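Note sheet for the following structure.
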Amino acid sequence: MPASETRNVLIVDDDAAIRTSLAEAVSEWSAEVRVAADVSGALARIAERVPDLVFSDVRMPGESGLELLRLLRERAPETDVVLMTAYDDMNTVVAAMREGAIDFVMKPIALASLHDLVERVFEDRRVRRAVARPKDDPTAYAMDALVGRDPQMIEAFKRVGQAAAGNTNVLIRGESGTGKELIARAVHFNSRTAKEPFVPVNCAALPTTLLESELFGHTRGAFTGAVGARRGRFALAGRGTILLDEIGDTSLEFQSKLLRVLQEREFYSLGSDVPERTEARVIAATHQDLERLVADGRFREDLYYRLRVVEIVLPPLRGRSSDIPQLARHLIHRAASVTGRAEPTLSDDAIAALLQHDWPGNVRELEHCLTRAIVLAAGSVIRPDHLGLQERRDAEPELPSLDQLERAHIVRVLAYTDGQKNRAADILGVSRPRLNRLLRKYRLE
């Protein structure tokens with residue numbers, strides 16, 4: 001359990017021995033465990049403090065655990081409820097899950113299973129908090145928080161406004177570190193569904209099966225290790241936005257399932273044959289050349305067009321160097337707030353050093369560089385030696401990026417063909433439409 005996490009668990013059971021044994025076990029993983037012998041006692045405990053998690057027996061004198069579940073759905077909808085029973089009653093199981101129980105377990109409960117269940121519930125709670133809209137800074141993703149006056153960025157900001165006005169799918173493209181998630185959040189938090197959740201998912205970080213489980217959820221026993229049912233990110237997103245980051249790195253198998261979600265607006269949890277509806281807007285982001293992946297048969301063309309209803313292209317930082325001084329001051333202000341240090345100023349020499357750097361890591365690299373400089377600067381001024389850029393140039397060979405090599409090659413071929421684009425396309429081995437897209441990408445039109 002993270003040190004900063006507070007857990008409050010309530011155990012409701014008319015059997016004193018079960019109450020005691022469960023309380024002793026759960027108290028090892030929770031900050032506070034309280035007990036009650038029946039529903040009326042549970043309600044008294046809840047009135048004192050609303051619990052995060054409730055374990056409740058189903059059959060008890062007086063009102064049942066199902067009735068407690070219904071009351072909690074009305075009075076404390078954020079509380080997770082696990083119902084327990086020693087009886088094999090499938091109707092009760094179905095009713096419990098339909099009424100919103102997070103899980104249903106049979107007695108006796110193995111200690112290892114109990115521990116896994118508690119950890120899973122609180123991990124899901126952590127995810128739900130993470131995808132909720134930040135309440136401490138409601139203007140964090142307002143349009144005036146997006147920094148840049150380069151014409152390419154102005155065009156991107158226009159597209160953010162256009163995308164926010166509707167509820168269409170959006171495709172955000174740009175190199176790693178250019179701020180694709182920031183732009184996705186700006187689309188969401190300036191839309192009509194801004195009060196709904198924003199749910200980011202890094203598609204490249206998970207293999208296909210785990211990615212499907214993460215997005216669509218799974219039923220208990222759907223695969224090895226699925227000790228309980230789990231809601232997926234589409235369900236958590238509700239009517240909000242789900243960001244599928246690095247969509248270009250997904251498998252064709254996953255792409256087929258995602259296409260169906262976009263077409264039918266429904267999905268299936270792993271292990272379930274009951275469809276669930278979704279109203280979430282999908283924003284996809286990638287650093288990959290999707291047209292090339294489509295041509296190579298590694299990305300579905302129909303999915304590409306489904307995602308690319310509105311396209312936002314973010315330029316690399318080296319392509320918008322005029323924005324660097326303004327962007328650097330913005331990042332210094334933010335980093336100083338996070339580190340709790342006084343906000344320093346950039347010397348003219350430091351600005352010159354920032355402008356001379358190539359920034360292969362884009363805005364993310366610039367942010368890390370300036371955060372380091374704030375920590376190292378003893379006074380109120382950041383000098384070039386605080387940035388550490390010369391150390392990197394001395395330690396690393398100056399190698400061009402793939403984009404730089406591709407652009408230079410296109411320039412050479414166009415010079416060889418005296419600007420004849422059809423001949424240039426033949427030599428480059430690409431279609432004429434593909435060449436036109438490359439010319440726009442590298443601003444060679």
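Bear in mind these aren't lab numbers, they're just calculated from the coordinates by the rules spelled out. Since the model is a prediction, treat every value here as computed from it, not as a measurement. As a convention, Cβ positions derive from the backbone with ideal geometry for all residues, glycine included, and neighbour counts pool all protein chains shown.
Charge dipole (Cα centre; +1 on Lys/Arg Cβ, -1 on Asp/Glu Cβ; no other charges) of the range 143-313 amounts to roughly 540 debye.
Per-residue Karplus couplings for the range 69-74, computed as 6.51 cos²θ - 1.76 cosθ + 1.60 with θ equal to phi - 60°, are listed in order as 4, 5, 5, 5, 4, 7 Hz, Gly and Pro entered as x.
Where both partners of a DSSP beta bridge lie in the chain, what percent of those bridges are antiparallel, to the nearest 5? Spell out each step's value before the answer.
Numbers: 3 of 42 bridges.
Given both bridge residues lie in the chain, the antiparallel proportion sits at roughly 5 percent.
Each stretch of four or more DSSP H residues adds -39500 (n - 2.57); spread over every residue of the chain, this sum gives -14500 deg cm²/dmol at 222 nm. Based on the alpha-carbon gyration tensor of the chain and its eigenvalue square roots a ≥ b ≥ c, which shape applies: rounded if a/c is under 1.5, prolate if not and a/b is larger than b/c, or oblate? Prolate.
Highest mean first, how do 338-345, 249-256, 427-434, 381-388 rank when packing is the count of other Cβ atoms within 10 Å averaged over residues?
Details: 338-345: 11.9, 249-256: 16.4, 427-434: 13.5, 381-388: 18.8.
The densest-packed peptide leads the list: 381-388, 249-256, 427-434, 338-345.
Close Lys pairs in the chain, defined as Cα atoms under 20 Å apart and 8 or more places apart or on different chains, number 5.
If you take the square roots of the eigenvalues of the alpha-carbon gyration tensor of the range 8-131 and sort them as a ≥ b ≥ c, do you get rounded (a/c under 1.5), prolate (a/b over b/c) or oblate? Taking the square roots of the gyration eigenvalues as a ≥ b ≥ c, the range 8-131 is rounded.
Return the FRET efficiency for the residue pair S321, S380: r is the Cβ-Cβ distance, R0 is 25 Å, and the value is rounded to the nearest 0.05. Numbers along the way, then the final one.
Numbers: r = 26 Å, r/R0 = 1.03.
So, using R0 = 25 Å, E works out to roughly 0.45.
Per-residue 3J(HN,Hα) values for the range 417-432, derived from phi via the Karplus relation 6.51 cos²θ - 1.76 cosθ + 1.60 with θ = phi - 60°, read 8, 6, x, 7, 6, 5, 5, 4, 4, 4, 5, 6, x, 10, 6, 5 Hz in sequence order (x marks Gly and Pro).
Residues whose amide H comes within less than 5 Å of that of F299, counting only those at least five positions distant or on another chain, are V294 (H built at 1.01 Å from N in the peptide plane).
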